[in-house]
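Step one of this worksheet: look at the structure below.
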Amino acid sequence: MKKILVIEDETILRKNTVRMIELTEELGEVLVEESSDAREALHKIRSFQPDLIISDFMMPFINGNSFLSQLRKIELFKSTPVIFLSAKPDVAKLIHDSNTSFLMKPFLYKELISNINNYLGY
Amino acid sequence: MDCDTAPASGLSDIKSNFVSIASHELRTPLAVMQSIAELLELQVKQGHTPDAAVLIQNVSQLKSEISRMNNLIDEILTISKIENANIKPLKEKVDVIAFIQQIIERNNALQTDHREIVFIHEDNPIYAHVDKQMLVHILDNLISNALKYSIGKPAPELTCRVNNNQFTITIKDFGIGIPRHQQKNIFQTFFRAENTASIKGSGLGLFIAKSFTELHNGTVSFNSAENKGSVFTICLPTE
């Protein structure tokens, strides 16, 4: 079973994203966990060990860029794919990492699932 | 507390980022609304139509996000008017004590935790020439901040006193306070302190409150300590 971690400080958006992934039959059985900020997520990933991370970019405490650099310092997550969700179109320029992609908020459900499929290979 | 004006906000730097940050802030409630619509559509397509209670909750969430967007647009338009010097106070003579009492009662009625602002004032009326709408905005902002950043703590206190040709309004809360290293930024547009992440806010209210105060030739200042609380003081001329 594949494991996905969703990091988003907007509670409704986070919970709805988790639910949409869980309801998508074409993804098969997936285990989805959630975090409200990147600091909490960096603690959670060590035990949860996600295959894919979906994360907001503009977050409290640690932004997407800092989160990614801290994530890549952990051997286990050196190449774990990250899909960033951002309402700012220019943040993609800040990231130089081949295992990341960006979805602009508000994003379409189909775009999100297509991105997940690209990384998890369904 | 004295009545020195708070530090300048570095407005020219902020202006260059304003449109970019504003679009980000507007897209966020849109993303929430989109997720509600998409999830509903997915559930219906899969034959899992939510029950009435869930649908009512969804409608309530949509209305809340629409209201959030609407407030944000109002605040952005107000800031645009302030920055274009396109807004002037329309002053009229007001009994400040009675006027503040009305504002406090309205804010108390909106509170879900039943706390009520403690209003400390002299017995005599204080008459001043102010723009009523602007004073409402200033006090709504400071009172709502004092309440939302002090959940679970004693009710905030609002004191109003007159001294010569000026009156002073002090709003004291016993809440989370503002981290010391971020205090210089709090009047910047869209700035939110790092300890406010779980509390909703646009980061525009204090900028507008400060601007409206200064349009009255008044000053706003504050003292704050993290996990102890904040005291905001407004000094306004009576004429």
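Just so it is clear, none of the values below were taken in a lab; they were calculated from the coordinates. All figures in this text were calculated on a predicted structure; none of them were measured in a lab. Don't worry about glycine lacking a Cβ; one is built from the backbone with ideal geometry, like all the others, and counts go over all protein chains shown.
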Whole-Hz couplings from phi, Karplus 6.51/-1.76/1.60, listed for segment B:215-228; x for Gly and Pro: 5, 9, 6, x, 10, 10, 9, 8, 10, 8, 9, 4, 6, 10
Cross-link reach list, aspartates and glutamates versus A:Lys93, counting only Cα pairs under 17 Å and skipping chain neighbours closer than eight places: A:Asp56
Cα convex hull volume per residue for chain B (Å³): 144
Chain B: angle of helix B:96-110 to the longest principal axis, Cα-based, in degrees nearest 10: 20
Relative contact order for chain B, counting Cα pairs under 8 Å that sit 6 or more residues apart, in percent: 23
Potential lengthening between B:Lys63 and B:Asp140 on full extension [0.36 nm per residue; Cα-Cα distance subtracted]: 25.6 nm
Sequence-distant aspartates and glutamates (8 or more away, or on other chains) whose Cα lies within less than 15 Å of B:Lys93: B:Asp131, B:Glu239
Segment A:2-120: relative contact order in percent, alpha carbon pairs under 8 Å with at least 6 residues between: 24
Folded to 0 to 90 degrees: helix B:132-148 orientation relative to chain B principal axis, Cα: 60
Options B:His114, B:His24, B:Ser144, ranked by Cα towards positive dipole end of chain B, top entry (Cβ charges): B:His24
Rg and Dmax of segment A:2-120, Cα atoms only, in Å: 12.9, 35
Descending principal axes extents, the protein assembly as shown, alpha-carbon based, whole Å: 75, 46, 38
Net charge of Cβ neighbours under 14 Å - reference B:Leu90; Lys, Arg +1; Asp, Glu -1: +3
Proxy reagent accessibility, fewest Cβ within 10 Å first, across B:Leu55, A:Leu5: B:Leu55, A:Leu5
Candidates per trypsin sites (Lys or Arg not before Pro) in segment B:194-231, loop by DSSP, up to 15 other Cβ within 10 Å: B:Lys200, B:Lys228
Total charge dipole magnitude, segment A:69-122, about the Cα centre, Cβ charges on Lys, Arg, Asp, Glu only, Debye to nearest 20: 100
Positive dipole terminus of segment A:2-120, leading residue within A:Asn115, A:Pro50, A:Leu71 (C-beta point charges): A:Leu71
Cβ-placed point charges (K, R +1; D, E -1), dipole of segment A:2-120 about Cα centre in debye, nearest 20: 300
Size of electric dipole in the protein assembly as shown: Cβ of Lys, Arg +1 and of Asp, Glu -1, about Cα centre, debye, nearest 20: 520
Rough spin-label spacing in nm, given labels placed 7 Å along Cα→Cβ, for B:Lys148 and B:Asp51: 3.2
At least 15 Å along the helix axis (C-alpha) and Kyte average at least -1.0, DSSP helices within chain A: A:11-23, A:109-120
R0 of 45 Å, Cβ-Cβ distance A:Glu75-B:Lys228: FRET efficiency to nearest 0.05: 0.60
Fewest-first ranking of B:Asp95, A:Asp9, using other Cβ atoms within 10 Å as the exposure measure: B:Asp95, A:Asp9
Segment B:91-180: C-alpha gyration tensor shape, a/c 1.5 cut-off, then a/b vs b/c: prolate
